[in-house]
Amino acid sequence: MDIKNTPEKLLKPYNPQETENRLYSTWEESGVFNPDVCIEKGYTAPDAEPFSIVLPPPNVTGTLHTGHALMLVIEDIMTRYARMQGKRTLWLPGTDHAAIATQSKVEKIIEKEEGKRKTDLGREEFLKRVEKFAQDSHDTIVGQARRMGASLDWSREAFTLDEKRSFAVRTAFKKMFDEGLIYRGHRIVNWDPKGQTVISDDEIVYEERKAKLYTFKYSKDFPIAISTTRPETKVGDTAVAVAKDDERYAQYIGKEYDAVFCGVPIHIKIVADESVEKEFGTGALGVTPAHSQIDAEIAQRHNLPTKQVINEYAKMMVGGENLLGKKTTEAREVIAQWLRDEGLMEKEEEVSQNVSTAERTGAIIEPLPKLQWFINVNKPIASHSGKTLKDLMLEPVKDGKIKIVPEQFERVYMHWITNLRDWCISRQIWYGHRIPVWYKGEEIFCGVEAPEGDGWTQDEDSLDTWFSSGLWTFSTLGWPEITEDFKTYHPTAVLETGYDILPFWVARMILMSTYLLNDIPFKTVYFHGLVRDEKGRKMSKSLGNIVDPITLIDKHGTDALRMAMIVGVGPGNDSNLGEDKIKAYSKFANKLWNITRFVLENTQEIDRENLPALDTEDQQTADELDALLKEITGEMNEYKFYLVTEKLYHYSWHTFADVIIERSKAKIAEKRNSESAQRILIEILPKLLRALHPFMPFVTEELWSLIPEGKNGRMLIVEKWPCSL
RNA sequence: GCGCGAUUAGCUCAGUUGGUAGAGCAAUCCGUUUACACCGGAAAGGUCGCAGGUUCGAGUCCUGCAUCGCGCACCA
């Protein structure tokens, strides 16, 4: 065979390192990631159906991990597929300032490197440092996304804390404030004594620990014994609650007692409450309204006083020298010893209990009464015909306007919304959107801009980061301005993210969109699973098994990593990323390379203007491929990429290469229907490259540039998908 | 406590609407160096967690159980 006309590079194995960055630049410079350019250049019809995805913005807390890599791969597949279908396709990038996460990361760095605290630097200087860190992280992340081959429209990039998004946040806040959905109130909140801020229920991580359950009486003449793992809070008790129908205690209900508990005078009323279980412990519950959510609710029902005994630093606020100023853990021991000494202790038993800790700082949460901002999820909204935010969040999923893939997460979503409590949106941190509320004496002003006149001070708190991310599908498109982009691309087609983020983010986007726009934010939610190591363990710093996706790319190429992450991994399923699997697909890239070489070398003399007829055998082969393409197109539309990739892999290797190409060798050598054999080769190859492009964009684009279809036509990225259903 | 998922070849996992099991990796044997050794061919390997049920027929549907994992709640 004449090798002269074979492109030089095909004579060596496929080299992703030489190819990938070059091709990404070619795509980016040609502007095809931008749907406007695609229309301008005639790749997309001006009236084409829009398809949009907003990138779940990675936190600017460092670098991308394998979870991000998976997200980029799946969304890039969706985007490239839509683009090849001729849709007006936008995949919009951005990053998230991630308030608490970023701030605490920078705090840790400053403390480690300079031994300073944020208060040593002051708000302004500290924020400068955070912004510098955020900028660096952003640059890293953007570079990494490019390495993944992500066809994101960088010209539209957004940041949750930039000028436009801040304006959207203030606009949304004011609307909710004016309608009474945002309120300020004293409530028991999750206080993080280390981070010195409130956190939401979702930022709590439960850790199982061993604890001691103490059973005792407040004093010798107190009639009922109670149990607790936290005796130090008992100096703040104002009642004992028992079950209504508990005969043991019925005679005491309504009575009041005075006692001196470890030197602190307390006044206890006995009440009957429905939340008390007779069988648990002694069947009596010491009520500490200031330091327990449940107790606060009991206190409210019975009009009991609230007595705060623990401060923001988790230290005792009451008692004599033995208690005052002590940490809660120390005070616990002091009180336990006092109970033993006084002969009040009835029982001490080891129990295991779930301790609430803060996700970011690891500190044990101290429930405290605090003045905070909340979003009321149960208030009927006049502008939405009396529906509550909860209703607005439930409806689109119930009605099927929003589909969740895989389906089982719909129930998880419903369950979560149904149990939703008011959302605490204020945080005592510096980095983030400052609450757009100003005070002057008794006056309060809420506005998109600061009020006119002197003497106003802005609220010190900032907003929960999820407030701004809730607006993400439309703040990125220019809202509150009604832009062309907003009109074209909202609601977005798909929201693709990890299932662990469902309550945090997905629910909040639905809340914001349905309330502010009267529209859904996306039509489909696609959840991907966790990426674990090859042994199925969660990747974690302490295990030292974290894999950097960029290292894998350097070693095996982006296409190989992408395939390894997709093949056989259904939506919502966790996957194990082993290097063997990646190697297998880097071999596959090379196999495609050699397939193309063989086809080019063996079909050079064929007359493309005047193609010969196919013999029966090859005609059947052609029909089989069309059937396969039809099948996988259906699966693409159902997001079953794990099946499509497996089938394409198998077809390319074990049908096209092992059967069809092997057969053609014999036919060409024996001059038996050799023209038919050549024609089937040049028919199959371009179709395969098109179908594989969303998954393996680099090697397919490179090969496309070497075959006549690509040499004489457009880039593969803007070519047509090989099958229309 | 409530809910969800998993249990298939040595390992990691596929298996669309029920028709006597598949892939990758590993291991065995044979072959090939003019598309590709990042190759080809062959053989081997499974009572599809357990027990019932529906059915002509169940990995697939139903019930119960076991083990593992996850989420939510409780945690006096």
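The values are calculated or read from the model by the stated rules, or taken from the named source; none is laboratory data. Keep in mind the model is a prediction, meaning the values are calculated, not measured. Virtual Cβ from ideal backbone geometry, glycine too; neighbours counted across all protein chains shown. Side chains are part of the model used for accessible areas, which takes the heavy atoms of the whole protein and leaves out ligands, DNA and RNA. Shrake-Rupley method; radii C 1.70, N 1.55, O 1.52, S 1.80 Å.
So, in nm, how far is label A:Trp653 from label A:Glu617 when the simple model puts each one 7 Å beyond its Cα toward the Cβ? Each label point lies 7 Å from its Cα, and together they span 2.5 nm. Choose one of A:Asn673, A:Val718, A:Ile707: the residue whose Cα lies farthest towards the positive end of the charge dipole of the range A:646-725 (beta-carbon charges +1 Lys, Arg; -1 Asp, Glu; about the Cα centre). It is A:Asn673. Overall, the ratio between the Cα radius of gyration of the range A:266-393 and 2.2 N^0.38 Å, rounded to two decimals, is 1.37. Taking 20 Å as the cut-off, the amide N atoms of the range A:49-76 that come nearer than this to a point 7 Å along the Cα-to-beta-carbon line of A:Asn637 belong to A:49-53. Derived from the Cα gyration tensor, the three semi-axes of the equivalent ellipsoid of the range A:553-708 are 30, 17, 13 Å, largest first. For A:Tyr252, the solvent-accessible surface with a 1.4 Å probe is about 50 Å², rounded to the nearest 10.
For the listed residue pairs A:Lys210/A:Lys379; A:Lys164/A:Lys370; A:Lys116/A:Lys327; A:Lys41/A:Lys591, the alpha carbons are over 30 angstrom apart in A:Lys210/A:Lys379; A:Lys164/A:Lys370; A:Lys41/A:Lys591.
For the range A:473-555, a/c is not less than 1.5, where a ≥ b ≥ c are the root eigenvalues of the C-alpha gyration tensor, and a/b tops b/c. That puts it in the prolate class. Take the Cα of A:Lys164, step 7 Å toward its Cβ, do the same at A:Asp245, and the gap between the two points is 6.2 nm. Of the trypsin sites (Lys or Arg not before Pro) found in the range A:565-645, those in coil by DSSP whose Cβ has at most 13 other Cβ atoms within 10 Å are A:Arg608. Each Lys and Arg contributes +1 and each Asp and Glu -1, all at the Cβ; summed about the Cα centre of the range A:137-185, the dipole is approximately 80 debye. Okay, which of the range A:238-279 sit inside 19 Å, backbone N to the point 7 Å along the Cα-Cβ direction of A:Ser219? Zone members listed by number: A:238-241, A:252-271. In the context of the full set of protein chains, chain A has a per residue accessible area of 43 Å² (1.4 Å probe).
Starting from the Cα of A:Lys269, draw a straight line to each of the aspartates and glutamates and keep only those under 17 Å, dropping any in the same chain fewer than 8 residues away. Result set, ordered by chain and number: A:Asp221, A:Asp237, A:Asp246, A:Glu256, A:Asp258, A:Asp295, A:Glu297. Stretching A:Asn419 away from A:Glu279 to a fully extended chain increases their span by 47.9 nm, per 0.36 nm per residue minus the current alpha-carbon distance. Our estimate of slack between A:Ile39 and A:Lys116, defined as 0.36 nm per intervening residue step minus the Cα-Cα distance, is 22.3 nm. Counting 0.36 nm for each residue step from A:Leu371 to A:Tyr313 and taking away their Cα separation leaves a gain of 19.2 nm. Placing +1 on the Cβ of every Lys and Arg and -1 on the Cβ of every Asp and Glu, with no other charges, gives chain A a dipole of roughly 600 debye about its Cα centre.
Given R0 = 56 Å, the distance between the Cβ atoms of A:Asp178 and A:Asn576 translates into a calculated FRET efficiency of 0.65.
With a threshold of 21 Å on the Cα-Cα distance, the over-threshold entries among A:Lys12/A:Lys647; A:Lys555/A:Lys581; A:Lys105/A:Lys541; A:Lys194/A:Lys347 are A:Lys12/A:Lys647; A:Lys194/A:Lys347.
Normalised size of chain A, defined as Cα radius of gyration per 2.2 N^0.38 Å with N residues, equals 1.19. Shown for chain A: the carbon plus sulfur share of the solvent-accessible area, taken with all protein chains present and a 1.4 angstrom probe, equals 49%. Net charge dipole, the range A:423-487: roughly 260 debye, given to the nearest 20, about the Cα centre with Cβ charges of +1 for Lys and Arg and -1 for Asp and Glu. FRET efficiency for the A:Glu256 to A:Glu346 pair, using the beta carbon distance and R₀ = 22 Å, is estimated at 0.45.
When the charge dipole of the range A:508-664 is built from unit charges on Cβ atoms (+1 for Lys and Arg, -1 for Asp and Glu) and taken about the Cα centre, the candidate among A:Met512, A:Val599, A:Phe588 whose Cα reaches farthest toward its positive end is A:Met512. Relative to one another, the C-alpha centroids of the range A:308-325 and the range A:529-597 are positioned 53 Å apart. Extending 7 Å from the Cα toward the beta-carbon at both A:Thr488 and A:Glu359 defines two label points whose distance is 3.5 nm.
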